[in-house]
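*Asks:* Pasting a structure here, questions to come.
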Number of protein chains: 2
Amino acid sequence: MAYRLDEQIGYILRLANQRHALIFNKHSDLGLTPTQFAALVRIGEMGACSQNLLGRRTAMDVATIKGVVTRLKAKGFIQLSPDPGDKRRTVVSLSAQGQDVIDQLHAFGEKVTEETLAPLSDTERKVFLDMLKRLT
Amino acid sequence: MAYRLDEQIGYILRLANQRHALIFNKHSDLGLTPTQFAALVRIGEMGACSQNLLGRRTAMDVATIKGVVTRLKAKGFIQLSPDPGDKRRTVVSLSAQGQDVIDQLHAFGEKVTEETLAPLSDTERKVFLDMLKRLT
DNA sequence: GGTTGTTTATTAGTGTACAAACGAATAACC
DNA sequence: GGTTATTCGTTTGTACACTAATAAACAACC
């Protein structure tokens, strides 16, 4: 059987990611990227934490999370403060504006997920997500 | 039902992509990235073509494919030549070295795919790939 | 208390990925 | 033949994503 690029999981995963990013950006009104969105939602779930820990909890390495935090701070959604007990750490937390948009973010996220999964039935979505999670 | 980041298709897709990239790089001996690999395999499938067309056939925009072509050329896997019938076009084709590694690339690709899909049974892989393709 | 090892944050470098804008060449059309 | 539209390749700018290296701070240990 010949090797065909169009049948390879890595290539198809890349295409699926591209489509999701397209849907995300189409609906995005707050000017957030999927990565910034993930970090912001995660802070909402976890509460305040250090920059590196936030990176680990959103699967971003130290160099990536630094840039994301910088941009979220510039957009006013988070605030940074020194950790009183550990001089190495920077504590990242939601700003008042960040608190205000969390509900809006969740509604937005639901819409993006719905449209991304639109080609699949409800039963299929469940099966698909279960299998996809096993590949992470 | 609360919104949970860990259940969102976009976030999980990103994680699956990360794992695949990790597996790819672990086995990569030719120094290629997944993107460069895709472009090279595609030229092998299609034969010589213009730079922009190659980009379209590998889902890369004009700015991205330009960088990929530049690096594949620098590594000696492809060669570039002016299109005799269209002065705008650059014809991209496999170099002798590129031809030589195509079989090796296919074997490598099979291995990466196999390891990436290892958590799924044969039946599950078929179902999963079918559903994933519908999300592209 | 001092050594050892780890964690935190930063920086530099490479490689996707997309939007937007540009000039040059080609195609379509009247 | 000349206008219009499209295509091709390039460049600029922003944003992930990872590697590797660094310095500062902290923890564990004898």
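The values are calculated or read from the model by the stated rules, or taken from the named source; none is laboratory data. Since the model is a prediction, treat every value here as computed from it, not as a measurement. Cβ: placed from backbone, ideal geometry, glycine included. Neighbour counts: every protein chain shown. What goes into the accessible areas is simple: the full protein's heavy atoms, side chains included, and nothing from ligands, DNA or RNA. Shrake-Rupley method; radii C 1.70, N 1.55, O 1.52, S 1.80 Å.
*Asks:* When the accessible area of region A:5-134 is computed with all protein chains present and a 1.4 Å probe, what percentage of it is carbon and sulfur?
*Replies:* 53 percent
*Asks:* Next up: Summing Lys, Arg as +1 and Asp, Glu as -1, what charge do residues with Cβ under 13 Å from the Cβ of B:PRO82 carry, B:PRO82 excluded?
*Replies:* Neighbourhood net charge equals +1.
*Asks:* Moving to a separate point now. In Å², nearest 100, what accessible area do chains B and A bury in total when the solvent probe is 1.4 Å?
*Replies:* 4700 Å²
*Asks:* Still on this structure, please answer the following. For region B:109-118, in order, what is each residue's ³J(HN,Hα) by Karplus, 6.51 cos²θ - 1.76 cosθ + 1.60 with θ = phi - 60°, in whole Hz (x at glycine and Pro)?
*Replies:* x, 4, 5, 5, 4, 4, 5, 5, 8, 3
*Asks:* Helix B:34-46 sits at what angle to the longest principal axis of chain B, using alpha carbons and giving 0 to 90 degrees rounded to 10?
*Replies:* 60 degrees
*Asks:* Expected output is a single nm value to one decimal: the length gained when fully extending between B:ASN25 and B:LEU80, i.e. 0.36 nm times separation in residues minus the C-alpha distance. What is it?
*Replies:* Computed gain between B:ASN25 and B:LEU80 is 17.1 nm.
*Asks:* Tabulate in residue order the Karplus-calculated ³J(HN,Hα) for region B:16-31, using 6.51 cos²θ - 1.76 cosθ + 1.60 with θ = phi - 60°, rounded to whole Hz; enter x for Gly and Pro.
*Replies:* So the Karplus estimates, Gly and Pro as x, are 5, 4, 4, 5, 4, 4, 4, 5, 4, 5, 4, 9, 5, 10, 8, x Hz.
*Asks:* State the residue of chain A whose Cβ is nearest the axis carrying A onto B, and the distance in whole angstrom.
*Replies:* Spelled out as residue then distance in Å, it is A:ASN17, 3.
*Asks:* Lys/Arg Cβ at +1, Asp/Glu Cβ at -1, dipole of region B:5-134 taken about the Cα centre: which of B:GLY109, B:CYS49, B:HIS20 is farthest positive-ward?
*Replies:* B:CYS49
*Asks:* Treat each spin label as a single point 7 Å out from the Cα along the C-beta direction, and report the B:ARG4 to A:THR90 distance in nm.
*Replies:* Output for this residue pair reads 3.1 nm.
*Asks:* Given q = 0.08, 0.09, 0.10 Å⁻¹, what are the Debye log10 I(q)/I(0) values for the protein assembly as shown, with equal point scatterers placed on the Cα positions and solvent ignored?
*Replies:* -0.41, -0.51, -0.63
*Asks:* What 222 nm value per residue comes from the helices of chain A, counting each DSSP H run with n ≥ 4 as -39,500 (n - 2.57) and dividing by all residues, nearest 500 deg cm²/dmol?
*Replies:* Value at 222 nm, helices only, nearest 500: -20500 deg cm²/dmol.
*Asks:* Give the dimensionless ratio obtained when the Cα radius of gyration of chain A is divided by 2.2 N^0.38 Å.
*Replies:* For chain A, the normalised Cα radius of gyration comes out at 1.23.
*Asks:* Can you classify region A:82-136 as rounded, prolate or oblate using the Cα gyration tensor, where a ≥ b ≥ c are the square roots of its eigenvalues, rounded means a/c under 1.5, and otherwise it's prolate if a/b beats b/c and oblate if not?
*Replies:* oblate
*Asks:* Same structure, new question: Which value, in debye to the nearest 20, describes the size of the charge dipole of the protein assembly as shown about its Cα centre when Lys and Arg Cβ atoms bear +1, Asp and Glu Cβ atoms bear -1, and nothing else is charged?
*Replies:* Dipole magnitude for the protein assembly as shown comes out near 860 debye.
*Asks:* Turning to a different aspect of this structure: Rank by packing, highest mean first: peptides B:125-131, A:54-60, B:80-86, with packing defined as the count of other Cβ atoms within 10 Å averaged across residues.
*Replies:* Descending packing order for the listed peptides: A:54-60, B:125-131, B:80-86.
*Asks:* Explain nothing, just the number: relative contact order of region A:5-134, from Cα pairs under 8 Å at least 6 residues apart, as a whole percent.
*Replies:* 24 percent
*Asks:* Also: At 7 angstrom along the Cα-to-beta-carbon line, where would the label on B:ASP130 sit relative to the other copies? Give the distances in nm, shortest first.
*Replies:* 1.6
*Asks:* Any idea what the dipole of chain B comes to, in debye rounded to 20, about its Cα centre with Lys/Arg Cβ at +1 and Asp/Glu Cβ at -1?
*Replies:* Dipole size: approximately 580 debye.
*Asks:* Note down the net charge around B:TYR3, summing +1 for each Lys or Arg and -1 for each Asp or Glu among other residues with Cβ under 15 Å from its Cβ.
*Replies:* After counting each charged neighbour, the total is -3.
*Asks:* Just grab the label-to-label distance for B:SER50 and A:VAL127, each label 7 Å out from Cα along the Cβ direction, in nm (one decimal).
*Replies:* 4.3 nm
*Asks:* Leaving out ligands and nucleic acids, and using a 1.4 Å probe, what accessible area per residue does region A:32-108 come to in Å²?
*Replies:* Here the residues of region A:32-108 average 52 Å² of exposed surface.
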